[in-house]
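Worksheet: one structure, shown below.
The values are calculated or read from the model by the stated rules, or taken from the named source; none is laboratory data. Remember, predicted model here, so these are calculated numbers, not experimental data. Glycine gets a Cβ as well: all are built from the backbone with ideal geometry, and neighbour counts include every protein chain shown.
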C-alpha cells in the first residue's frame, strides 16, 4: 500500500467524527511565529474577531473582473470581494441565499423571482460621490446580468445565458452590431427596487447553480464607467472583504468590510477576520516552510515528494502526541484531461483520438506517477459526482494493441507518417504536471511510435493558445464552477464554438461538435426531474467519450493543511472558499507559541 493511501486510511479511522470528509491532524515542524499574537475580541458563541488569514498561491491571478474570472486563483480572491443573488454553502455546496434573501420558482422552472435584502451596500470607492458606497438595488443586478450577454473582449461568460435566458441572444447580437437594444435582455426584469425576475427560454432546474457563478456577481455601473478594463484590479463589490492593496506577483491584501450586511447565527456582524493576505510564492517547498513557521494559515496541494514527507511526519506525531495542524483530504469535483484540437489534423480524425486514449495507462499514472493522489480517468468528463452514475460510462481502459490497430486504420501504421507534435502544458501545478506529461510522452512513443515534444508555458499564454486554436495537443483541467454535471458537459457543447479557428473558444476549447451529443445534452437541460436529468447527462457523457472528444487522465483529490486555530473553514469538492465566517482562535494560536 502506498503512503498516500495508507495515510488516508489512518485519517478516516481517526477523524471521521471530526470531519465528514477525511481529516487528520499533523504536528508542526516549526514554531508558531504568527504575528497575529494579540488576543482578539471574543464574540457571542465563542468566536473571535481579529487576525489576518494568510494563504499562498503558486500562480498569479489573471483578472478579478467578474466577467473575466476564468481560473481558480482569481476566483478565490474575488469570491471574498463580490457577491450575487445566491452563493454556495461552503460545506455541502448547496445553493443558499445571499443578496437575495429568498426567491420563488414557477412549476416548470422557467421563471425565477428574487427578493433582495434591503440595506446591502457597495464598498466605499472613488467611483461614488464623496467615496460613499450606495445601496444595491435590483437595477444593479439588471445592469450586470445584461453585461453577461454583451459582446465584449473582457466578457468570457455569455455561454451561461446563451439560448437559456429570454432575450439573451438578441441582446448579444445587438451589441455585436454596436446597436444595443433598449431595455437590455428582455428576460431580466426589474419589478421594483428590491425585486428581480429572470425568465428562461426552457425549463432548467439547475439555474440557481448558474446564478452562483462569478459572472452573476453584482458591481455598480459607476465602477465600470470609471475603471472599464481596469476593473481587472479595481474591484467594487458588496462582499465581506475589500481590496486594500495589490502588488501583482507579490501580494494581494483584502481588509474587513465594516459595512457588511452579514450576521451570524449568534447575531455577530461578519466577517470576523481583520484581513486576508494572498502571497504568490512559486515554490511549494518555500510555501510549506512558511506554513511551518506559522506565517501561513493554510497550504493547498502538495507535490508528491512532500506528501511522503508529511505522511512520515504524521506517523511520528501520532507516536509523540505532538499534533498542531490539520490535514483535509476530499475527492475533488474536477477532472484533468488532455485536449485535442478537433479542427486541425491529425485530431480531426476520431480514430487518432481513440488511439491516443487507448494508449494511455491511467491506472498506472495514478498509482505510480501520482502515488494514489486521485482516481484514474477511466469514465467520462464528469468526475465522480453524488447522484451521477459515472461508473456506468464505458471509458477508455488501457489497450495498446487496440490503440495500434486504430492508428493503423487512421493511416499511420506503427506511427509512420505521423507528424511530430508538441504537447503544451502550463507552468505551475507542481511536479505532477510535468511528471504526468513525461509519462504520457513515453507511453505514446512506446505504444504508438509517436514522438511528442513537451513545451511548458506560462499559464496566461497557455490559456490564450488553447482558446484561440494555436495549440494542437495540450494539458488542461476543469474544476466545477457550480455543482452540476452540466458544468462539465457544457465544455463540449457545439454552440460555444465560433466559426473561425482564430476566434476565442473559451469554454469548448477542443471545438468538439456533435449533433447527437447536443441533442441529448439539450434534452437534459430541459428536464426538471433530477434523476432523469442526470441519466440524460450520463448518456451525453458516453456519446462524447465514444467520440474521444477529450483524453481524461484522472479525477483529482483536494488536499490542504490548516493551522489548528483556523475555525469554520470546511473543505469541499470544489475548493470553494468563503472566508466571511472563518475565524482564528486567538487563545489556541497564542498557546502554540
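State yes or no: is residue 263 touching a strand residue (DSSP E or B) at 6+ places or on another chain (Cβ under 8 Å), surrounded by fewer than 16 Cβ atoms within 10 Å (Cβ to Cβ), assigned by TED's automatic domain parsing to the domain that holds residue 53 and farther than 16 Å from residue 78 by Cα? Here the answer is yes, as residue 263 does meet what is asked.
Checking the structure you have, find out if any residue of segment 211-223 is outside the structural domain of residue 529 (by TED's automatic domain parsing), in contact with a helix residue (DSSP H, G or I) (Cβ under 9 Å, 6 or more places away or on another chain), at pLDDT 95 or above and surrounded by fewer than 16 Cβ atoms within 10 Å (Cβ to Cβ). Scanning segment 211-223, I find at least one residue that is outside the structural domain of residue 529 (by TED's automatic domain parsing), in contact with a helix residue (DSSP H, G or I) (Cβ under 9 Å, 6 or more places away or on another chain), at pLDDT 95 or above and surrounded by fewer than 16 Cβ atoms within 10 Å (Cβ to Cβ), so the answer is yes.
Results for (1) out of contact with any helix residue (DSSP H, G or I) (no Cβ under 6 Å at 6 or more places or on another chain); (2) closer than 18 Å to residue 435 by Cβ; (3) in contact (Cβ under 8 Å) with a residue 12 or more places away in the chain; (4) not assigned by TED's automatic domain parsing to the domain that holds residue 305, shown as yes or no for each residue.
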position	(1), (2), (3), (4)
344	yes, no, yes, yes
352	yes, no, yes, yes
360	no, yes, yes, yes
366	yes, yes, yes, yes
372	no, yes, yes, yes
381	no, no, yes, yes
397	yes, no, yes, yes
407	no, no, yes, yes
418	yes, no, yes, yes
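Scanning segment 249-261 for residues that are within 26 Å of residue 279 (Cβ to Cβ), in a loop (DSSP other than H, G, I, E, B) and at pLDDT 95 or above returns 250, 257, 258, 260.
Against the list (1) over 19 Å from the mean Cα position of the chain (by Cα); (2) part of a loop (DSSP other than H, G, I, E, B); (3) under 15 Å from residue 337 (Cβ atoms), the condition residue 507 fails is (1). Out of segment 181-198, which residues are closer than 16 Å to residue 169 by Cα and assigned to a loop (DSSP other than H, G, I, E, B)? The answer is 181, 182, 183, 184, 185, 186, 187. With respect to residue 564, determine if the residue is modelled with pLDDT under 95, under 30 Å from residue 397 (Cβ atoms) and either surrounded by fewer than 23 Cβ atoms within 10 Å (Cβ to Cβ) or in contact with a strand residue (DSSP E or B) (Cβ under 7 Å, 6 or more places away or on another chain) (or both). Judged against the criteria, residue 564 is not a match.
Rundown of residues vs (1) touching a strand residue (DSSP E or B) at 6+ places or on another chain (Cβ under 6 Å); (2) in a loop (DSSP other than H, G, I, E, B); (3) exposed (fewer than 13 other Cβ atoms within 10 Å of the Cβ); (4) at pLDDT 95 or above, yes/no style:
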position: 107; (1), (2), (3), (4): no, yes, yes, no
position: 118; (1), (2), (3), (4): no, yes, yes, yes
position: 123; (1), (2), (3), (4): yes, yes, no, yes
position: 140; (1), (2), (3), (4): no, no, no, yes
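Counting the residues of segment 53-66 that are under 15 Å from residue 506 (Cβ atoms), surrounded by fewer than 24 Cβ atoms within 10 Å (Cβ to Cβ) and modelled with pLDDT of 95 or more gives 1. Among (1) crowded, with 17+ Cβ neighbours inside 10 Å; (2) at pLDDT 95 or above, which single condition is residue 330 missing? Here residue 330 clears every test but (2). Can you name the residue in segment 83-104 that is in contact with a helix residue (DSSP H, G or I) (Cβ under 6 Å, 6 or more places away or on another chain) and part of a loop (DSSP other than H, G, I, E, B) and is also surrounded by the most Cβ atoms within 10 Å (Cβ to Cβ) among such residues? Checking each candidate, the answer is 85. Among all residues of segment 536-558, there is none that is assigned to a loop (DSSP other than H, G, I, E, B), closer than 30 Å to residue 275 by Cβ and not assigned by TED's automatic domain parsing to the domain that holds residue 91.
Within segment 397-455, the set of residues being touching a strand residue (DSSP E or B) at 6+ places or on another chain (Cβ under 8 Å) and part of a helix (DSSP H, G or I) comprises 433, 434, 436, 437, 438, 440, 441, 444, 445.
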